[in-house]
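Accompanying notes for the structure given below.
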Amino acid sequence: KGALADAVRLYAKMLAIDRENIDAHFRLAGALTQLGRTDEAVARYKALADMLSSSGVLDTSINWQFLITVYEQIVAIEPNNRTAREWLADAYLAKGEREKGRVHLNELVRIRSDAQELKPLIAVLGKVLELQPDNFNARRRLADAHVERGQRAEAVRELRTIGDLARQRGELD
């Protein structure tokens, strides 16, 4: 009825009585989002996702889709949330939804690059290249990350692969 502050208080009371009330978790997170309390909303969605993951309720595709919805909500509120992006990328790839997985992997590359987190960036770029082995930009960024970590042999391997792919395509420039 638009009384969001009251709703937050009531959902919190419900959860104090029943910590596993999925509907209350979800609605509390939604109310917190509408109130602009995004940090709390993300924390609530994360708690819900953790609860669903650890409870073993993901055996059905309905529950799996619900968890995807929860993580998508986290990303909608907090686009740079690494944990949610990684989980979504892996979930979509596991379900065979390569394009959705690729979108989240590319966002992870951006996030990791911005934060200059080289080791996780290298791992994410590896996943991107599993989907798109001829992605020159990802290979070049991977080579650069290896150089920044002092991994010269790995950097040379990526640069050599770029050269081989370019030669195969006839892109000699």
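The slack between residue 90 and residue 113, meaning 0.36 nm per residue of separation minus the straight C-alpha distance, is 6.4 nm.
Can you tell me the FRET efficiency between residue 165 and residue 22 if r is taken as the Cβ-Cβ distance and R0 is 41 Å, rounded to the nearest 0.05?
So the FRET efficiency works out to roughly 0.30.
Across region 103-112, computed HN-Hα scalar couplings (Karplus, 6.51 cos²θ - 1.76 cosθ + 1.60, θ = phi - 60°) run 4, 5, 5, 5, 5, 5, 4, 4, 4, 5 Hz from first to last residue, x flagging Gly and Pro. Enter the angle in degrees (range 0 to 90, nearest 10) between the Cα long axis of helix 118-131 and the first principal axis of the Cα atoms of the chain, meaning the one along which they spread out most. So the helix axis and the longest Cα principal axis differ by about 80 degrees.
Put a dot 7 Å past the Cα of residue 76, heading toward its Cβ, do the same for residue 12, and the two dots end up 2.4 nm apart. Per residue, region 1-135 exposes 55 Å² of accessible surface when a 1.4 Å probe is rolled over the protein heavy atoms with every protein chain present. The calculated FRET efficiency for the pair residue 123 and residue 99, based on their C-beta separation and a Förster distance of 22 Å, comes to about 0.60. Angle, helix 61-77 long axis vs. longest principal axis of the chain, Cα atoms, 0 to 90°, nearest 10? Helix 61-77 sits at roughly 80 degrees to that axis. Modelled label positions at residue 50 and residue 152, each set 7 Å beyond Cα in the direction of Cβ, lie 4.4 nm from each other.
Taking the C-alpha atoms only, the angle from helix 152-169 to the longest principal axis of the chain is near 80 degrees.
Ignoring ligands, DNA and RNA, what percent of the accessible area of the chain is carbon or sulfur (1.4 Å)? Summing carbon and sulfur atoms, their accessible area is 50 percent of the total for the chain. Sorting 156-166, 11-21, 38-48 by average packing, meaning the other beta carbons within 10 Å per residue, from highest down gives 38-48, 156-166, 11-21. Work through the residues other than residue 165 whose Cβ is under 14 Å from its Cβ and net out their charges, Lys, Arg +1 and Asp, Glu -1. That works out to +1.
The values are calculated or read from the model by the stated rules, or taken from the named source; none is laboratory data. Everything numeric here is computed off the predicted structure, so don't read it as measured data. Positions of Cβ are generated from backbone atoms using ideal geometry, with glycine treated the same way; all protein chains shown enter the neighbour counts. When the accessible area is computed, the model is the full protein with side chains, heavy atoms only, and any ligands, DNA or RNA have been set aside. Shrake-Rupley method; radii C 1.70, N 1.55, O 1.52, S 1.80 Å.
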